[in-house]
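Here the structure comes first, spelled out in structure tokens, and everything after it is commentary.
The values are calculated or read from the model by the stated rules, or taken from the named source; none is laboratory data. On a predicted model such as this, the values are computed, not experimentally measured, just so you know. Here the Cβ is made from the backbone with ideal geometry for all residues, glycine too, and neighbour counts use every protein chain on show. Areas reflect the complete protein model, heavy atoms only, side chains present, ligands, DNA and RNA absent. Shrake-Rupley method; radii C 1.70, N 1.55, O 1.52, S 1.80 Å.
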Amino acid sequence: GVGPSDASPDEGVVEDLPLIDEKAVEQLTEGLISHYLPDLQRSKSALQELTQNQVVLLETLEQEISKFKECNSIVDINALLSEAKHYHNKLVNIRNEMMMLHEKTSKLKVSGINI
């Protein structure tokens with residue numbers, strides 16, 4: 001025969017559910033929203049403030065990075081200037097040597113020695 005194990009587990013569930021009161025659902029929903037909404041709004045404003053602060057921080061970092069780049073450019077320019085000074089000194093020394101050699105050759109010509 002048919003025993004208790006043959007009955008469907010869902011049998012009788014629909015009949016056990018109470019009628020849904022639309023007004024009660026609306027009031028429960030409003031209560032739930034009013035409970036969580038202030039915290040959510042505070043979280044939203046905190047996140048907006050955090051985002052604005054991050055934008056400011058990123059802009060500041062970009063400015064600092066550009067300052068470092070300018071510093072590196074200045075270092076490069078200083079290196080270039082010191083190199084230019086070094087080569088200028090070399091040119092001055094060569095010029096002085098050429099003038100000294102010119103004077104010596106002129107004295108030798110005066111004394112009758114042809115070079």
Listed residues Gln52, Thr29, Phe68: farthest to the positive end of the dipole of region 23-115 (Cβ charges): Phe68
Heavy-atom accessible surface of region 35-115: percent carbon and sulfur, 1.4 Å: 63 percent
